[in-house]
Every structure is written in C-alpha cells, then in structure tokens.
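Right, one structure below, let's go through it.
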Amino acid sequence: MANKKQIVPNRVKSGKTSVGGVAPPPEPAEADGTRALDRYDVAILRELQAEARLSNTELAARIGLSAAPTWRRVKWLEEQGYITGYRAEIDRRKIGLGVLAFVRVDAERHNAQATQALEAAIRELPEVVACHYISGTGTFELHVMATDLDAFSRWAMQTLFKLPHVKDLQTSFSLGEVKAGAALPLSHLLRVR
C-alpha cells in the first residue's frame, strides 16, 4: 500500500504579494495532483464558508486575486475534495423543528456486520442530521431533529427502538444553542511549520 502524501499548508513568504491581482504561482503540484495550500487557498475557504453565494468576481476582490486564477483555485479545491458542496443554512425553528436531541446509541454486538447494519439503517433516517462514532459509553452519537417532544417520542418508539442491533439509548435535549452552523477553523493552515 502506497503512503499518501500529507498535504501541508504553505505560507507565501513576505515580499511575495499579489501585484495587479496576479498571485505568485502556487507550489508545483505533485504527481498525484496534490500541492500545499497557500494563503490564497485558505482565504478562498474562509470566504466561501462565510458566504458561499459570492460570485467569482466578488470572491476574487476579497482575496486579492483576479477572477481567472481565483476560479482555477476554487475548481482545484473542489476537485481535491477540500470543498465538498454548497448549501443554504436554514433556521430549524422557522421550519418547525423545535427539538434538537443528542442520542447515544449502544450497539448490541460489537462486530463489523452488526455495526454496518446499524450504520446503514441510521443513514436512511432523515431526522438524524449527524452521526458520529464515539469513544467511551455507546457506539454512536446521533443529532436528531423533531418538531416537538411528542413527535420525538413517537419517532423514538416507532423508529429508533426498532433499528437493528440497538442495545441501549441515552437521550439529552438541547436547551438552547450557544453556537451552531459555525465555519471550520482555518488559522492552523497558515502557521509556519
């Protein structure tokens, strides 16, 4: 098995700045198409996380490049899997989803086949907006949305308890969101190594 080359961010050295909207060329790509992220790539990621509907022209102006290299960089970031998609953030309360529950699911048996069957069943549930393997007690942590407590209770009884290989469930409810839908932190990508 070949080792995957780790992509390490690259900071553009001071003195090499954008002149007339043209950035210094990015680091040469490796044979597998990868290259280090530079400050322009990180700026693109930051700006698109904050406002994904920016036009290419607006994005280029914000990061200090002309439109053509900005467009090429965005396409490269998409092709390399840094940008995985674009979507609207919706206020769950405005559409009637007043309950956010955190459900810790403990699998009945810890073997690959049972876990995969439970995973597949969880993926099919639209009420589950996120699912993570977790350490400690339980196997999965689900983030579940429902209109109200009665709807969550019905869903749990009719759906959640009937999932394959579920041994135990523990549920906590959000009493208020302090922070949600946040952009990913990017400052570590600009640190000099």
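The values are calculated or read from the model by the stated rules, or taken from the named source; none is laboratory data. Keep in mind it's a predicted model, so treat the numbers as computed, not measured. All Cβ positions, glycine included, derive from the backbone under ideal geometry; neighbour counts span all protein chains shown. Just so you know, the surface numbers come from the protein's heavy atoms only, side chains and all, with ligands and any DNA or RNA stripped out. Shrake-Rupley method; radii C 1.70, N 1.55, O 1.52, S 1.80 Å.
None of V178, V166, V129 is of a type in the set (V, I, T) and modelled with pLDDT of 95 or more except V129. You will find that of E89, E78, the residue that is without any contact (Cβ under 8 Å) to a residue 40 or more places away in the chain and charged (D, E, K, R) is E78 and no other. Only residues in region 40-69 that are under 23 Å from E89 (Cα atoms) and free of Cβ contacts under 8 Å to residues at least 24 places away in the same chain count as the first member; pair them with residues that are in a helix (DSSP H, G or I) and open to solvent by 70 Å² or more (accessible area, probe 1.4 Å), Cβ under 7 angstrom, at least 6 apart or cross-chain, and list the lot. Within 7 Å, the pairs are E47/R62; N56/W71. Mind checking which residues of region 87-131 are among the charged types (D, E, K, R) and in a helix (DSSP H, G or I)? Matches in region 87-131: E119, R123.
Would you confirm whether any residue within region 13-20 is outside any helix (DSSP H, G or I), at pLDDT below 95 and farther than 20 Å from R191 by Cα?
Of region 13-20, the ones outside any helix (DSSP H, G or I) are 13-20.
Cutting the leftovers down to at pLDDT below 95 gives us 13-20.
Filter once more, so that each one left must be farther than 20 Å from R191 by Cα: 19-20.
Yes, that holds for at least one residue.
Here the condition is being touching a Leu at 6+ places or on another chain (Cβ under 8 Å) and either within 28 Å of R87 (Cα to Cα) or touching a residue at least 60 places away in the same chain (Cβ under 8 Å) (or both); of V144, V178, it holds for V144 alone. The residue of region 154-193 that is most open to solvent (accessible area, probe 1.4 Å), among those that are assigned to a helix (DSSP H, G or I) and over 30 Å from L37 (Cα atoms), is K162. When we screen E124, E108 for residues that are under 22 Å from T171 (Cβ atoms), over 23 Å from the mean Cα position of the chain (by Cα) and open to solvent by 70 Å² or more (accessible area, probe 1.4 Å), the only hit is E108. In the set (1) within 18 Å of Y40 (Cα to Cα); (2) over 18 Å from the mean Cα position of the chain (by Cα); (3) open to solvent by 70 Å² or more (accessible area, probe 1.4 Å), the condition left unmet by Q113 is number (1).
Check region 73-82 and report whether any residue there is of a type in the set (S, T, Y), out of contact with any strand residue (DSSP E or B) (no Cβ under 7 Å at 6 or more places or on another chain) and open to solvent by 80 Å² or more (accessible area, probe 1.4 Å).
Step one: list which residues in region 73-82 are of a type in the set (S, T, Y), which gives 82.
Applying the additional criterion that residues be out of contact with any strand residue (DSSP E or B) (no Cβ under 7 Å at 6 or more places or on another chain) yields 82.
Then keep just the ones that are open to solvent by 80 Å² or more (accessible area, probe 1.4 Å); that gives none.
Scanning region 73-82 turns up no residue that is of a type in the set (S, T, Y), out of contact with any strand residue (DSSP E or B) (no Cβ under 7 Å at 6 or more places or on another chain) and open to solvent by 80 Å² or more (accessible area, probe 1.4 Å).
The residue that is nearest to N111 (Cα to Cα), among those in region 135-153 that are in a loop (DSSP other than H, G, I, E, B) and of a type in the set (G, A, S), is G138. Return a yes/no flag: does region 130-144 have any residue that is open to solvent by 70 Å² or more (accessible area, probe 1.4 Å) and within 19 Å of the chain's Cα centre (by Cα). Yes, the conditions are met somewhere in region 130-144.
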